[in-house]
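Enquirer: One structure is given below, represented as structure tokens, and several questions about it will come after.
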Amino acid sequence: MQWLRINIFTAWKALGRHKLRATLTLLGISIGIAAVIAMVSIGDGANRAVIQKLETMGTNMLFVEAGNRQIQGVRTAFNTMMFEDVVAVRNQCPSVALASPNVDFRAQVGYEDHNWNTQVNGVDLDYRLIRHWNVVKGDYFSESDISSAEKAAVLGQTIVDQLFPEGKNPVGETIRIRGNPYKVVGVLETKGSSVTGSDQDDNIIIPWTTAQRKMLGIRYIKDMYISVVSREQIGMAKDQITSLMRQRHHLRPDQPDDFSIRDYTEIAEMVNETNRIMTLLLASVASLALFIGGINTMNIMLVTVTERTREIGLRMAVGAHQSDVRLQFLIEAVTLTVVGGVIGVGLGIASSAIISNVLEWPTVISLIAILVGLSVSAFVGMVFGYYPAHKAATLDPIDALRYE
């Protein structure tokens with residue numbers, strides 16, 4: 001290791017003789033590595049944000065929608081799903097842990113002189129377990145509220161902000177939904193936006209029986225929320241639900257499904273794939289900066305070899321082998337690019353922090369990305385420094401000593 005330390009010291013001393021030249025070379029490498037670090041951190045941050053959004057929507061959740069949109073995009077047979085289908089899926093599909101009916105509609109809601117248009121979901125007790133949605137004030141409606149179709153409401157935080165802007169506790173108050181009085185029994189915790197970008201807190205939850213019988217006057221349900229036993233069994237659960245629903249709805253083999261199953265993990269994967277493509281495109285631009293930095297490194301090293309021709313001839317005259325000379329110049333090139341890589345890592349981390357704070361874009365600094373960045377900078381030094389090092393090593397000692 002002594003020879004390595006000596007060579008690194010010699011390389012550093014040689015680079016120090018031409019500070020401006022070395023600085024310009026460092027700049028090209030630093031910008032490339034900084035761009036790579038920043039792009040990877042942005043991509044990883046976006047992926048983590050998608051996962052967090054997905055987790056707020058529920059664990060291993062499937063959404064079974066009545067009707068089929070495969071026929072020219074028009075929803076058909078939307079009135080064929082019954083509450084008994086929910087019970088059957090809950091009891092007869094081994095991969096299904098929880099299932100809740102859903103009867104939703106848009107409605108104008110009001111309290112005193114405040115009004116807001118929002119989404120109302122009629123669900124049962126399994127819904128908040130599927131969505132992992134806790135009540136922070138008051139309580140959830142009860143099984144007896146569902147059985148008797150009580151006008152009880154649990155409010156999302158956006159509704160609270162719109163109807164009770166003075167900070168009044170809404171629990172126990174009576175709001176109007178399409179002009180009908182509803183007693184507020186609870187307030188849901190804040191969820192934020194979903195993976196599709198919609199506001200999950202702009203929502204009111206009521207018993208599904210109330211929505212079905214007293215608000216819409218229908219016998220069917222619109223949708224079904226389902227929680228699968230584990231992520232690995234999502235595909236199996238979809239097959240089980242499809243088979244059971246087709247059997248219950250007496251569909252022939254040549255008939256299309258009169259329902260559709262949406263898997264939110266597929267949406268998340270699509271978003272992640274888009275983020276990966278964007279990251280690769282941006283990383284390609286960063287790679288171009290690295291390539292230019294590598295070309296600059298090679299040019300600088302070629303100039304260095306020319307300037308130090310007599311030194312090379314003298315070293316070879318006193319016994320240095322070609323491998324010694326080649327190694328010396330390779331170490332100089334690698335030292336130059338690694339120092340640039342270290343600076344680039346610092347710039348990349350700083351850039352990621354600025355992007356996160358100014359643009360409010362999530363970023364994640366990965367240790368792997370830092371190590372890869374440093375490894376790439378060393379690799380660039382080896383690749384683009386080899387030709388100058390080889391040229392130095394193959395100089396004729398006599399001609400080198402005569403060089404002026």
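We did not get these values from a lab; they are worked out from the coordinates using the rules stated. What you see is a predicted model; the values in this text were computed from it and never measured. Here the Cβ positions follow ideal geometry from the backbone for every residue, glycine too, while neighbour counts run over all protein chains shown.
Enquirer: Please state the equivalent ellipsoid semi-axes for segment 283-325: what are the square roots of 5 times the Cα gyration tensor eigenvalues, largest first, in whole Å? Mind dumping the intermediate values first?
Expert: Values: eigenvalues 210, 25, 3 Å².
Semi-axes from the Cα gyration tensor: 32, 11, 4 Å.
Enquirer: Roughly how many nanometres apart are two label points built 7 Å out from the Cα toward the Cβ at N115 and I354?
Expert: Taking the two extended label points, one gets 4.9 nm.
Enquirer: For N180, put the label point 7 Å out on the Cα→Cβ axis and report which residues of segment 98-129 keep their amide N under 18 Å from it.
Expert: It comes to 101-111, 116-125, nothing else.
Enquirer: Of K183/K238; K214/K238; K137/K238; K191/K222; K137/K222, which ones are farther than 27 Å apart at the Cα?
Expert: K183/K238; K214/K238; K137/K238; K137/K222
Enquirer: What is the packing order of peptides 204-213, 155-164, taking the mean over residues of other C-beta atoms within 10 Å and listing the highest first?
Expert: Details: 204-213: 23.7, 155-164: 21.7.
In decreasing order of mean packing, 204-213, 155-164 become 204-213, 155-164.
Enquirer: Subtracting the Cα-Cα distance from 0.36 nm times the residue separation, let me have the gained length for Q255 to E166 in nm, one decimal. Write out the running numbers ahead of the final one.
Expert: Working: separation 89, 0.36 × 89 = 32.04 nm, distance 5.50 nm.
That works out to 26.5 nm of additional length.
Enquirer: Modelling each spin label as a point 7 Å along the Cα-to-Cβ direction, I'd like the T306/R213 distance in nm, to one decimal.
Expert: 9.3 nm
Enquirer: Stretched out fully, how many nm does the piece from S230 to Q92 gain, at 0.36 nm a residue minus the Cα gap?
Expert: Here the answer is 48.0 nm.
Enquirer: Now, a different point. Using the Kirkwood formula over every pair of different C-alpha atoms, what hydrodynamic radius in Å results for segment 101-228? Intermediate results must be reported in sequence, preceding the final value.
Expert: Details: mean 1/r = 0.0689 Å⁻¹.
Value: 14.5 Å, from the Cα pair sum.
Enquirer: Could you tell me the distance between the Cα centroids of segment 221-244 and segment 141-173, to the nearest Å?
Expert: 30 Å
Enquirer: Another question, if that's okay. Quick one: what are the phi-derived ³J(HN,Hα) couplings along segment 247-261, Karplus 6.51/-1.76/1.60 with θ = phi - 60°, whole Hz, x for glycine and proline?
Expert: Per-residue couplings from phi come out as 5, 5, 8, 6, 8, 6, x, 8, 8, x, 4, 9, 7, 9, 10 Hz.
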